[in-house]
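The values are calculated or read from the model by the stated rules, or taken from the named source; none is laboratory data. None of these values were measured; they are calculated from a predicted model. For neighbour counting, all protein chains shown are included, and Cβ atoms are generated from backbone atoms with ideal geometry for every residue, glycine included.
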Amino acid sequence: MFEGALHEASDGVLIDVDVRPGADSTRITGYNEWRRSVTVDVAAPPQRGEANREVESLFTRLAGHGCVARIVRGHSSRRKTVLVEGAEKPALLAALNREPP
């Protein structure tokens, strides 16, 4: 379901993300087929980089051991691109599909 949002890069996997801050909890809530992006609700407010840190933490946890996620595009936008360094696309895709909505 999420394959259109993931793109292989030389140092990991890029993920296109739509962020909705101010939610009850931080979690993946779906896939936007039109934008080809993962939809993420974030509990932190979009202030002082708090929501960005939660997005990075979510994808780092999801990718697992040895991987680090960082936002590489869209720091001040709801549309972001996250690079998960050290990840491989098939493993990350499987992890996204296992994540409960």
Cβ-Cβ under 8 Å pairs, at least 6 apart or on other chains, the range 53-75 side of a type in the set (Lys, Arg), far side modelled with pLDDT of 95 or more and surrounded by fewer than 20 Cβ atoms within 10 Å (Cβ to Cβ)
ARG70/GLU56; ARG70/GLU85; ARG73/THR81
Considering the range 67-81 alone, what residues qualify as being of a type in the set (A, V, I, L, M, F, W, C), farther than 22 Å from TRP34 by Cα and assigned to a strand (DSSP E or B)?
VAL68, ALA69
Filter the range 8-27 for residues that are touching a residue at least 60 places away in the same chain (Cβ under 8 Å) and not acidic (Asp, Glu) and give the result.
ALA9, GLY12, VAL13, LEU14, ILE15, VAL17, VAL19, ARG27
If you check THR60 against the conditions, is it outside any strand (DSSP E or B), within 17 Å of ARG98 (Cα to Cα), within 10 Å of the chain's Cα centre (by Cα) and of a type in the set (S, T, N, Q)?
yes
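Could you tell me which residue of the range 1-40 is surrounded by the most Cβ atoms within 10 Å (Cβ to Cβ), considering only residues that are basic (Lys, Arg) and part of a strand (DSSP E or B)?
Going through the qualifying residues, I end up with ARG27.
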Of the residues that sit in the range 61-75 and are of a type outside the set (Val, Ile, Thr) and within 10 Å of GLY12 (Cβ to Cβ), which one is surrounded by the fewest Cβ atoms within 10 Å (Cβ to Cβ)?
ARG70
Please state which of the following conditions VAL84 fails to meet, knowing it meets all the rest: (1) part of a strand (DSSP E or B); (2) surrounded by fewer than 16 Cβ atoms within 10 Å (Cβ to Cβ).
(2)
Restricting to the range 41-60, name every residue that is of a type in the set (A, V, I, L, M) and crowded, with 18+ Cβ neighbours inside 10 Å.
VAL42, ALA44, ALA51, VAL55, LEU58
Six or more apart or on different chains, Cβ under 7 Å: which pairs go from a residue in the range 28-51 that's under 10 Å from PHE2 (Cβ atoms) to one that's assigned to a loop (DSSP other than H, G, I, E, B)? Could you list them?
ILE28/GLU99; ILE28/PRO101; GLY30/PRO101; TYR31/MET1; TYR31/PHE2; VAL38/PHE2
